[in-house]
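Reviewing the structure listed below.
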Amino acid sequence: MPAVTTPLFPDHTVDTAPPAARRAMTGVANGFGYLPVAVGRMAESPETLDAFLRISATFESATLEPIAREVLVMTVATRNRCHLCVAMHTGKLVKYDADPALIAALRDGTALPDPRLEALRQFVHDVMDAAGGVSDERIREFLAFGFTARNALEVVLGIGAYTLSTFANRLIDAPLDPPMAALAWEQQA
């Protein structure tokens with residue numbers, strides 16, 4: 001008889017989750033209209049779930065405009081190979097009426113058609129490649145596209161938020177929920 005194994009990261013519901021995660025889960029479920037499986041699995045650590053929700057909400061209030069924030073998120077998500085994040089944030093870009101060529105380039109990890117947003121995408125890579133130790137010259141090049149020093153620090157905030165998300169989603173093997181199926185993403189070779 002085969003052994004029955006317990007999943008490492010159970011698909012918690014609000015009723016089965018650790019009590020400290022239930023309020024956050026209810027809020028997410030109300031916002032989405034359903035409870036994403038990733039949230040149910042991440043609820044195994046209420047602290048991780050809460051940290052992600054708080055830091056992502058803080059990033060949403062940053063001075064970077066919404067499309068620029070999504071460029072950052074998609075850059076981190078494709079770099080970290082988080083199929084769930086790419087699908088979810090493709091959906092956000094569609095809701096923002098983003099240029100389909102921009103969305104396709106972000107999903108493919110190729111140069112963006114908008115030079116300012118491409119400068120942002122490259123800066124995100126620079127910050128990640130250098131673990132924050134970006135040269136003054138590269139920072140000035142980023143600022144030359146109309147970004148501010150505040151925006152440069154907001155890039156660090158966004159990278160932190162979505163590194164947490166992408167790493168957690170990959171660790172818990174977060175599946176794509178049915179409402180996101182049409183936006184599925186496969187990493188390009």
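Enter the Cα centre distance for the pair the range 139-158 and the range 37-116, rounded to the nearest angstrom.
18 Å
Pop out the ³J(HN,Hα) list for the range 39-53 in order, Karplus 6.51 cos²θ - 1.76 cosθ + 1.60 with θ = phi - 60°, rounded to Hz; leave Gly and Pro as x.
Once rounded to whole Hz, the list reads 5, x, 6, 5, 4, 4, 10, x, 5, 5, 4, 4, 4, 5, 4.
Label the range 13-55 by shape, choosing from rounded, prolate and oblate, from the square roots a ≥ b ≥ c of the eigenvalues of the Cα gyration tensor; if a/c is under 1.5 it is rounded, and otherwise prolate applies when a/b is larger than b/c, oblate when it is not.
Here the range 13-55 falls in the oblate category.
Obtain the radius of gyration and the Kirkwood radius of the range 145-189 from its C-alpha atoms and give Rg over Rh.
We get a ratio of 1.14 for the range 145-189.
Only Cα pairs within less than 10 Å get springs; with that Gaussian network setup on the chain, which residue of Asn169, Asn30, Asn151 has the largest fluctuation?
Checking each option, the largest mean-square fluctuation is seen for Asn30.
Taking a 1.4 Å probe, which of Thr75, Thr13 shows the most accessible area, and what order do the others take after it?
In descending accessible area the options line up as Thr13, Thr75.
What residue among Ala17, Ala119, Ala104 has the largest mean-square fluctuation in a Gaussian network model of the chain, using Cα springs under 10 Å?
Ala104
Show Tyr34, Tyr96, Tyr162 ordered by accessible area, largest first, where the area counts protein heavy atoms only and the probe is 1.4 Å.
Tyr96, Tyr34, Tyr162
At 1.4 Å probe radius, can you tell me the per residue accessible area of the range 106-189 in Å²?
54 Å²
Over the Cα atoms of the range 1-150, what radius of gyration and what Dmax do you get, in Å?
18.4, 66
With all protein chains present and a 1.4 Å probe, how do Ser135, Ser165 order by accessible area, largest first?
Ranking Ser135, Ser165 by accessible area, largest first, yields Ser135, Ser165.
Give the carbon-plus-sulfur fraction of the accessible surface of the chain in %, rounded to a whole number; probe 1.4 Å, heavy atoms of protein chains only.
Here it works out to 59 percent.
Rounded, prolate or oblate: which fits the range 69-135 when a ≥ b ≥ c are the square roots of the eigenvalues of the alpha-carbon gyration tensor, with rounded for a/c under 1.5 and prolate only if a/b beats b/c?
Here the range 69-135 falls in the oblate category.
Contact order normalised by length for the chain, with contacts defined as Cα pairs under 8 Å and 6 or more residues apart; what percent is it?
29 percent
Run lengths n ≥ 4 of DSSP H only: what is the helix-derived mean residue ellipticity at 222 nm for the chain, with -39500 (n - 2.57) per run over all residues, to the nearest 500?
Rounded to the nearest 500, it is -19500 deg cm²/dmol.
How would the range 98-176 be classified by its alpha-carbon gyration tensor: rounded, prolate or oblate, with rounded meaning a/c under 1.5 and the a/b versus b/c comparison settling the rest?
Cα axes put the range 98-176 in the oblate bin.
How far, in degrees from 0 to 90, does helix 19-32 lean away from the longest principal axis of the Cα atoms of the chain, to the nearest 10?
Roughly 60 degrees, rounded to the nearest 10.
The values are calculated or read from the model by the stated rules, or taken from the named source; none is laboratory data. None of the values given here were measured: they were computed from a predicted structure. Ligands, DNA and RNA are stripped out before the accessible areas are found, and what is left, the full protein with its side chains, is counted by its heavy atoms. Shrake-Rupley method; radii C 1.70, N 1.55, O 1.52, S 1.80 Å.
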